[in-house]
Structure formats: C-alpha cells, structure tokens
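Reading through the structure tokens given below for one structure.
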Amino acid sequence: MNQNCGDVKLSHFLRPFQRLFTGKFRIFVLLTVLAFFLIYVVKMLQSSNSNMELAVNLYEYAENVQNMRYKLHYAVVIDAGSSGSRVHIYTWPPHSGDIRQLLNIKMLKDQFGKDVYEKVSPGLSSCANKPESSINYMLPLLNFAAQHVPVAKHKETPLFILATAGMRLLPLKKQEAILNNLRENIPRNFSFVFSPNYVQVITGKEEGIYSWIAINYLLGKFDHSTSAQPLVAINLNKRITTRPRTVGMLEMGGASMQIAFEIISKYELEELKQRKELHGDVKDLLAEFNLGCLSHDEDHSYLLYVTTYLGLGANVAQEAYTKSLVKEHLSFTSFSTKEPNKHLTVSDPCMVLKSIKNTSIEVEKGFTYEVTLKGTGEWEYCENKLAKLINLEKSIPCDTNFSCPLTRLKETIVSFSTSEFYGFSELWFTMEDVLRLGGQYNYFKFKKAVSEYCKTDWSILQERFRKKLYPLADEERLLTECFKSAWITTVLHKGLRMPKTYKNYKSSLTVNSNQVQWTLGALLYRTRYFPLREIEKQTGVVEQHLSHRIVSSYINHALFLLCMTAVVACIVVYLRHLHQMVNQNIVGRSSVSYTSLLNVKVDTFPIANTRNL
Ligand SMILES: Nc1nc2c(ncn2[C@@H]2O[C@H](COP(=O)(O)OP(=O)(O)OP(=O)(O)O)[C@@H](O)[C@H]2O)c(=O)[nH]1
C-alpha cells in the first residue's frame, strides 16, 4: 500500500513534465537547463571573484600604506656653517621607476607642515681651540635627528656633517682635530649609517654645485617627464639634447659666496676658455656631473660654471671693511697703526644713523685697537666706499691657496642676458628680514627703501623693534642691515657686473614651500646612483609580484575548470537518472495499460477513494 502510494505521488508529480523528457524536446530541455546552470555558476564565480578582488585590493592598499611608511628613506645632513650649524632631516619614498625622474626628496615636516630642523650657534669653527668639545657642540643636533628619524630606520639612515667656509678659514690641523673628534665619538653614541668621510669640510665649489642642484631640483628643472617648462637645446656634445632651461644660483653666507650657472653651448665654453686663458686653468671653474639613474644618461649630464669667493660672505666682509675703515681713519690722524691699546672713535656711513658699536679691531698682526663705531647712515656713501674696497685686491685677504676672492670676482664672466638667477642666504635675509623686499629684485626700489632706513635715527628703529614692527629681524640684523645691503648691491653690480636694470634675478628662501638649502643638493648629488639601485630593486619586486600573480591566476583557472567539469558531470548524471526514472515510470504505466487493465484500476482507485472520503 505504501509503495503504491509513493508510486502514485511520483507519477502524479511527473505527469505534466512527462512530455518534456520524451520525444524531440528532450535534448532541447537538457541543453537549456545546462545553459542556465552554467550561467548561474559563472555569475557566482564572477561575483566571488570580484569580492575577492575587492578584499585583495583593500588588503593591498593597507599593505601599501604600511610598506610606504616602512619604505620611506631618511637622511640626516648637518650644515656646519660659519655662523652656526643646522640639522636637516630629509625623507623620500622609493623611486617611481621612471628613469627620467630623480628621487622625490623632501625636508621632513611636522604635523603642522613646518620644516623640522634645529640650529645651534656659533659655528663649528668656534671649537678650534677646544676640539675635544666638538662632540658636545654637535650633540643637540644629533639628538634632535635621533628623535625625529624612526628608531627602526636609524641603521639605514646616513648621517652627513658637511662644514663650509667657517671651517675652511681654519688651519688644516685645527680642522682635522675637530673632525676627528666627531668621527670617533659619533659611532659610539648613534647607530646612523656613518663613515669617517661623512664628516668633511666641503670645498666652496662643492657648496656651489649643491646649491645649484637644490634650486633647480625644487623648480622641477631636472624632471624631463613633463613638458610644462621652457626648453633649451644643449649643444655641447655630438648629440643635441633638449631639456628644461636651468636657472643660475647666487649664494652669500657669513664667510663665503658662490655662483653657479649652466653652460649650454660649445660657443659659451669656447668663449670662456679664451677669456680665461689670460688668468689660468678654466677647469677650476667648471664642474661636470650626471644626476641621472644611468651612468651614460646624457639627458641628466650638466656642465656648470661654478666658483666660490672665500671672504666675500657678509660677516667676514664686514670685518674686512671695518678694518679698512679704521686703517683709513688712522691714516688721517697722528696715531701710528702700531701704537697699541689706543681707543678710537670712528664714523661709519654703513651703520644706521646714531647707532653705536664697540669692537676690537686687529689692524695689524699683534696690534689691536678698541674702536667705537658711530653710525652716520649714509647708504650711498657707504656703497661708494665698498665699490672702492672691492677694487683694492688686498682689502680682503687671499685664501691659503693664494686665491684672492676679489680678483676672482672681477674675472667672473656671467651671461646675465641669457640666464635667470636666484639668490639665497644673505641675499634673501638682507632683502626680506627688515625691508620685506625679498623676491623679485629691483635695484632702484631697494636702494630707496634701504637709504630711508639707514638715515632713520637708531632710537626710532629700536622703538619700532620693541613694537614688533620687524618680526623677522633681531637687533643684530637691524644694526647690520645698512652694511649688508650695500655690500650685496656692490658685489652684484660692481663685482659681477649685473646690470642695474636686470629683471631676471630674485632672492628666495623657499620654492613651493620647500626650503632651498644646499644640503638638499648635497643629498641628491650623493644619492644620484640610488635611483638606479631603487629601480633594480623595484623591478625585482615587480617581477616577483607578477610571477606570483601569473601562478595564482593559472591555479584559479584550473580550479574553475575542475569545478565546472564536476558540476556538468553531476548535472548529466542527475538528468540521466531523472530520465531513467521517467522512462521507468512510463514503461510501468504502459505495462499497466497494455498488460492488465485491472492493475490500472487498482492504481487509480485510491485517489478516487480518498477524494470521495
Ligand atoms: N633671519 C634669519 N637669518 C639667518 C638665518 N640663518 C642664517 N641667517 C643669517 O644669514 C647669515 C649667513 O648664514 P648662513 O646662510 O647660514 O651662512 P653660513 O653657513 O653661516 O655661512 P658660510 O659658512 O659662509 O656658508 C647669518 O650670519 C645670519 O645673519 C635664519 O634662519 N633667519
């Protein structure tokens, strides 16, 4: 009875489909079901794939952020200048992989976007008579760097201490004593990447090259992947290269001054060689280097005219000027220069009206005078005096190599007509701190403003200072502004013969919110082969990544095919089974119909009976 009951149910359920599984519909139905099933499976796999991709992307993003943080490179560069030392921390992400681009090096910024740096004064050269204290002098800067570079990165962060003009002015023995003290003590206390030649007194020429690199780098002049810059044809080798026109650089520190600009044609080079023949070897004034990733990269090879003038920095020049002023004063009095311990009162046109400064001046070796300088605030007269000073070659001493800065200044040939120039350090601070005239330079406007300033009574200026009307300046700056401004205009227009109407010069401190410091150029110069290594490393990583992806995509495809085969096999088996069952049912029914009508009746009665009940 149960068996029959079940049979009746199956037969009842299949009855409407019976025709579908028999006759000419059979194949069509099978294929349709299979097609729907396949579409469903594919859709399901696709959606699971895209979900997986999303998950993978999110994972990769998080991993990239983490990696980027971890992969950031750091470098510490200490500029040990004549007036003070300053630590700069630079950071950069891995190289983009585009060989036309350099590393993207930026000064470390704090959470407010301000440059992270620390300064101590006076300069490192103040340790000359106590070299064993050099490490103590440097400690505040080193500790500052150690705090700001992540500890995990110390072991791969290079530390450079590069000293400039203040140290250059010391005898070699004194320089070495200071440097050796640092070389011995730094590795004992810090785990930065450090080797003895990372502490150096760099040449003025190197300083000039580094500053030139820094400004051109920040202006994007080395980026050959964009076409937004004015281009120029470089015609120095057989192959003419077209690339962005670089700018010239002028920099005046406390003790030295540098100039650097690019030579772009054989004609310019020839002219320079011919003019220089009279004075010596032109090679002294040239620097050729390649900033590119590849050693044969002509597009990033540059030829510079670069020179330095030790002694023409604003502070050292002021000492030389004051000495000449005192000597001149003595020549008009009955005192002999060799009369010791005499107190002198000297009028100074290069000081603000009614300002007073007491100082000691060693007029000749062993003969020092106590001098009271009294400001008369005559800026134009001051400028004339300085023009005379730079014409007297001995008024600023020659360096230990008998290279006289004033002679070099007059020999310098600058093609102002074809270049654009940027001025840094004192060339910026003197324009900006008091007079707020930094940026585009206009000689006549500057002269008017500074003449007014210098003939203002010192007590009035002090009052303005107390009222915070000169927020960028300290009292020392207010006092030295007259001399420094006249010194700058004299060097630019009398020394370098820049036309007073020249319009392509601007003083600068930052470019796109990035400080222009020669330390940045030094880092770029010293890391110029890093991009190549970075690219090699990255190519390795990309290749590994790609091969991993290819392997996993093969595995995915194989799995998909396997699943599909299994699914199709199941469907076929199921359909065959279904088909057999239908056939059996039909055969059963036909045997009932054709063999015994009685069975059919027995088969159908229960339904009728049930219904009747
Ligand atoms: N307002 C202002 N003036 C500065 C700053 N740093 C330096 N100066 C002034 O600029 C002068 C030159 O300083 P730097 O440009 O650091 O030159 P330096 O490294 O000491 O000199 P060199 O060794 O000749 O290169 C100093 O005497 C200061 O008067 C600064 O951050 N702000």
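Among the residues of the range 90-131, which ones are in contact with a Lys or Arg (Cβ under 7 Å, 6 or more places away or on another chain), of a type outside the set (D, E, K, R) and either within 16 Å of the ligand (Cβ to nearest atom) or part of a loop (DSSP other than H, G, I, E, B) (or both)?
PRO93, PRO94, VAL116, TYR117, ALA128 - these are the residues of the range 90-131 that are in contact with a Lys or Arg (Cβ under 7 Å, 6 or more places away or on another chain), of a type outside the set (D, E, K, R) and either within 16 Å of the ligand (Cβ to nearest atom) or part of a loop (DSSP other than H, G, I, E, B) (or both).
Of the numbered conditions (1) crowded, with 21+ Cβ neighbours inside 10 Å; (2) more than 30 Å from ASN504 (Cα to Cα); (3) within 16 Å of the ligand (Cβ to nearest atom), PRO405 fails exactly one; give the number of that condition.
(2)
Quick one: ASN57 ticks every box in (1) at pLDDT below 85; (2) surrounded by 19 or more Cβ atoms within 10 Å (Cβ to Cβ) except a single one, so which number is it?
For ASN57, the exception is condition (2).
Across the range 92-130, which residue is surrounded by the most Cβ atoms within 10 Å (Cβ to Cβ) among those that are β-branched (Val, Ile, Thr) and farther than 30 Å from GLU176 by Cα? Lay out the reasoning, then the answer.
Looking only at the range 92-130, we keep the residues that are β-branched (Val, Ile, Thr), and these are 99, 105, 116, 120.
This time we only want the ones that are farther than 30 Å from GLU176 by Cα, so: 99, 105.
Working: ILE99: 18, ILE105: 21.
Here the answer is ILE105.
Taking the range 256-289 only, how many residues are surrounded by 14 or more Cβ atoms within 10 Å (Cβ to Cβ), modelled with pLDDT under 85 and of a type in the set (S, T, N, Q)?
Looking only at that region, the number is 0.
Take VAL87 and decide whether it is outside any loop (DSSP other than H, G, I, E, B), within 13 Å of the ligand (Cβ to nearest atom) and under 16 Å from the mean Cα position of the chain (by Cα). Lay out the reasoning, then the answer.
On the way: outside any loop (DSSP other than H, G, I, E, B): yes; within 13 Å of the ligand (Cβ to nearest atom): yes; under 16 Å from the mean Cα position of the chain (by Cα): yes.
It is true that VAL87 is outside any loop (DSSP other than H, G, I, E, B), within 13 Å of the ligand (Cβ to nearest atom) and under 16 Å from the mean Cα position of the chain (by Cα).
How many of the residues in the range 216-254 are under 30 Å from TYR309 (Cα atoms) and touching a Gly at 6+ places or on another chain (Cβ under 8 Å)?
8
What residue, among those in the range 167-198 that are open to solvent by 10 Å² or more (accessible area, probe 1.4 Å) and either within 16 Å of the ligand (Cβ to nearest atom) or among the basic types (Lys, Arg) (or both), is farthest from LEU124 (Cα to Cα)? Quick ask: steps written out before the conclusion?
Applying the first criterion (open to solvent by 10 Å² or more (accessible area, probe 1.4 Å)) to the range 167-198 yields 168-177, 180-181, 183-185, 187-198.
The next check asks that each one be either within 16 Å of the ligand (Cβ to nearest atom) or among the basic types (Lys, Arg) (or both); those that pass are 168-170, 173-175, 183, 188.
Working: ARG168: 11, LEU169: 12, LEU170: 11, LYS173: 15, LYS174: 11, GLN175: 10, ARG183: 14, ARG188: 20 Å.
So, considering only residues that are open to solvent by 10 Å² or more (accessible area, probe 1.4 Å) and either within 16 Å of the ligand (Cβ to nearest atom) or among the basic types (Lys, Arg) (or both), the one farthest from LEU124 (Cα to Cα) is ARG188.
Take LYS153 and tell me if it is open to solvent by 20 Å² or more (accessible area, probe 1.4 Å) and not β-branched (Val, Ile, Thr).
Values: open to solvent by 20 Å² or more (accessible area, probe 1.4 Å): no; not β-branched (Val, Ile, Thr): yes.
For LYS153, the condition - open to solvent by 20 Å² or more (accessible area, probe 1.4 Å) and not β-branched (Val, Ile, Thr) - is not met.
Would you be able to tell me the number of residues in the range 446-483 that are within 31 Å of the chain's Cα centre (by Cα) and either more than 13 Å from the ligand (Cβ to nearest atom) or under 20 Å from LEU373 (Cβ atoms) (or both)?
3
Do we find a residue being more than 33 Å from the chain's Cα centre (by Cα), of a type outside the set (Ser, Thr, Tyr) and either within 14 Å of the ligand (Cβ to nearest atom) or in a loop (DSSP other than H, G, I, E, B) (or both) anywhere in the range 509-525? First the steps, then the outcome.
From the range 509-525, those more than 33 Å from the chain's Cα centre (by Cα) are none; that's our starting set.
No, that holds for no residue.
What are the residues in the range 241-271 that are more than 21 Å from SER485 (Cα to Cα) and either within 16 Å of the ligand (Cβ to nearest atom) or assigned to a helix (DSSP H, G or I) (or both), if any?
ALA260, LYS266, TYR267, GLU268, LEU269, GLU270, GLU271
Within the range 420-445, how many residues are of a type in the set (Lys, Arg) and either surrounded by 22 or more Cβ atoms within 10 Å (Cβ to Cβ) or within 14 Å of the ligand (Cβ to nearest atom) (or both)? Reasoning before the result, please.
The initial filter retains those residues of the range 420-445 that are of a type in the set (Lys, Arg), namely 436, 445.
Imposing the further condition that a residue be either surrounded by 22 or more Cβ atoms within 10 Å (Cβ to Cβ) or within 14 Å of the ligand (Cβ to nearest atom) (or both) reduces the set to 436.
So the answer is 1.
More than 17 Å from MET249 (Cα to Cα) and assigned to a helix (DSSP H, G or I) - does that describe any residue in the range 412-426?
Step one: of the range 412-426, the residues more than 17 Å from MET249 (Cα to Cα) are none.
Within the range 412-426, not a single residue is more than 17 Å from MET249 (Cα to Cα) and assigned to a helix (DSSP H, G or I).
The values are calculated or read from the model by the stated rules, or taken from the named source; none is laboratory data. Predicted, not measured: the structure shown is a model, and the values here were computed from it. With ideal geometry, Cβ positions are generated from the backbone for all residues, glycine too; neighbour counts draw on all protein chains shown. Quick note on the areas: whole protein, heavy atoms, side chains included, nothing else; ligands and nucleic acids left out. Shrake-Rupley method; radii C 1.70, N 1.55, O 1.52, S 1.80 Å.
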